[in-house]
Amino acid sequence: MIYRDAVPADGPALSAMAQRAFTDTFGSLYRASDLAAFLDRAFGADGLPSQLDDPAYSVRLACENEAIAGFIKLGPVDFPGDWGTRTIELHQLYVLGRWQGEGVAPVLMDWAVATARTRGATRMVLSVFVENVRAQRFYARYGFREVGRYAFRVGDHIDDDRIWSLDL
């Protein structure tokens, strides 16, 4: 597995990978129109690919051969409320099914924690779907704790997410 920073040229492949990962994991929960709206907003041309050359965001890839197996994205906090200037959000940590359980997520998470600290962050926050117990266990192993609720929008559908926080 090769780990490297994403560059703008990775946009199309990363967009496709992110859409696949989200759909594989959560696609059955939503109407097709809600899922399509979310995928376009989050991972379409004005979403994830547009952030690859934005210095406010950092994206790290896990690649096997030419295929993107996983990625993690850090950036400014999007949650409502006052999180302070030294809080960073872990926006996405996605690993395709074939590579889940193969150690990809821990390598990406270790990079995210180190990168957040290097950027001067003193806290990292993220949201996780209330029924995504596997992800909750993963984040708990890193010391994250639930600190609030978040209404996560997928099209017109609202999911019950939890906000988790880690003091860095």
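The values are calculated or read from the model by the stated rules, or taken from the named source; none is laboratory data. All values derive from a computational prediction rather than experimental measurement. Here the Cβ is made from the backbone with ideal geometry for all residues, glycine too, and neighbour counts use every protein chain on show. Surface accessibility is based on the protein's heavy atoms, side chains included, excluding ligands, DNA and RNA. Shrake-Rupley method; radii C 1.70, N 1.55, O 1.52, S 1.80 Å.
Charge tally around Tyr94: other residues with Cβ under 11 Å, Lys/Arg +1 each, Asp/Glu -1 each, net +1. When the square roots of the Cα gyration tensor eigenvalues are ordered a ≥ b ≥ c, the ratio a/c for region 92-161 is 1.5 or more and a/b does not exceed b/c, which makes its shape oblate.
Loop-located GluC sites (Glu not before Pro) in region 68-133 (DSSP state not H, G, I, E or B) with no more than 13 neighbouring Cβ atoms inside 10 Å: Glu131. Could you give me D for region 67-130, from Stokes-Einstein at 4 °C and 1.567 mPa s, where the hydrodynamic radius is the Kirkwood radius over C-alpha pairs? Units µm² s⁻¹, please. The estimated diffusion coefficient comes to 102 µm²/s. Each label point was placed 7 Å from the Cα along the Cα-to-Cβ direction; for Asp160 and Thr85 their separation is 3.8 nm.
Within region 21-168, what percent of beta bridges assigned by DSSP are antiparallel, to the nearest 5? Write down the numbers at each step before the final one.
Values: 29 of 32 bridges.
Within region 21-168, antiparallel bridges account for around 90 percent of the total.
Using Cβ point charges alone (K and R +1, D and E -1), the dipole size of the chain about the Cα centre works out to roughly 500 debye. The simple Förster model, with R0 at 22 Å and r as the Cβ-Cβ distance, assigns Ala151 and Phe26 a FRET efficiency of 0.90.
Work out, step by step, the length gained on full extension between Ala36 and Ala114: first 0.36 nm times the residue separation, then minus their alpha carbon distance; give nm to one decimal.
Working: separation 78, 0.36 × 78 = 28.08 nm, distance 3.38 nm.
Taking 0.36 nm per residue and subtracting the Cα distance, the gain is 24.7 nm.
Derived scalar couplings between HN and Hα for region 68-80 equal 7, 8, x, 7, 9, 10, 10, x, x, 6, 9, 5, x Hz in order, rounded to whole Hz, by the Karplus curve 6.51 cos²θ - 1.76 cosθ + 1.60 (θ = phi - 60°), x for Gly and Pro. Sorting 60-67, 145-152 by average packing, meaning the other beta carbons within 10 Å per residue, from highest down gives 60-67, 145-152.
The accessible surface of region 1-143, taken with every protein chain in place and a 1.4 Å probe, is 49 percent carbon and sulfur. By definition, a body whose alpha carbon gyration tensor gives a ≥ b ≥ c is oblate when a/c is 1.5 or more and a/b is not larger than b/c, and region 1-77 fits this oblate description. Which whole number in µm²/s is D for the chain by Stokes-Einstein, with the Kirkwood Rh taken over Cα pairs at 10 °C and 1.306 mPa s? My calculation gives 98 µm²/s for D.
Compute the relative contact order of the chain as a whole-number percentage, counting only Cα pairs closer than 8 Å that sit 6 or more residues apart in sequence.
Answer for the chain is 21 percent.
Hey, with R₀ at 35 Å, roughly what FRET efficiency would Arg137 and Asp5 work out to, going by the Cβ-Cβ distance, to 0.05? Spell out each step's value before the answer.
Details: r = 28 Å, r/R0 = 0.79.
Plugging the Cβ-Cβ distance into 1/(1 + (r/R0)^6) gives 0.80.
At a probe radius of 1.4 angstrom, the accessible area of region 77-126 per residue rounds to 49 square angstrom.
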